[in-house]
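Working notes for the structure below.
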Amino acid sequence: MSQRELIRDHIFYPGDAINLGLADGNRIRLDLTLDEIEDIQGYVAAEANHCENPILQRKFDALFEKFQGFLNSYDDQEG
C-alpha cells in the first residue's frame, strides 16, 4: 500500500488536496502547502495513536516521520 493510499483510505482529511497529484517519473508528487502538510500530519498522528493494528500503526508512524523530516528540512533552508 502506497503512502498516498494509506492517507486516502484511512485518514479523514476534510480537504481534497490529497486527491491532487502530478506524475513525476515513477512517483506521484503532491503539491501541498506547509499548512496542509501539518494538517495531514496531525490526522496521521491521531490515526496512529488510535490504531489497533500494529503493522498499520508502524506505517502511520513512518508517514508522520516522513512529513516531519520534510518540514524540518524546509525550516533548515529558511535560516
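Worth pointing out:
- Neighbours by Cβ (under 6 Å, 6+ apart or cross-chain): first from segment 36-57, surrounded by fewer than 16 Cβ atoms within 10 Å (Cβ to Cβ); second part of a helix (DSSP H, G or I): Glu36/Ala17; Gln57/Ala48
- Selection status of Ala62, of a type outside the set (D, E, K, R) and either buried (at least 16 other Cβ atoms within 10 Å of the Cβ) or in contact with an Asp or Glu (Cβ under 7 Å, 6 or more places away or on another chain) (or both): no
- Filtering segment 46-69 for residues that are in contact with a helix residue (DSSP H, G or I) (Cβ under 8 Å, 6 or more places away or on another chain), modelled with pLDDT of 90 or more and among the polar types (S, T, N, Q) leaves a non-empty set.
The values are calculated or read from the model by the stated rules, or taken from the named source; none is laboratory data. As the structure is a prediction and not an experimental result, all values here were calculated from the model. Neighbour counts are summed over all protein chains in view; Cβ atoms, including those assigned to glycine, are modelled from backbone coordinates with ideal geometry.
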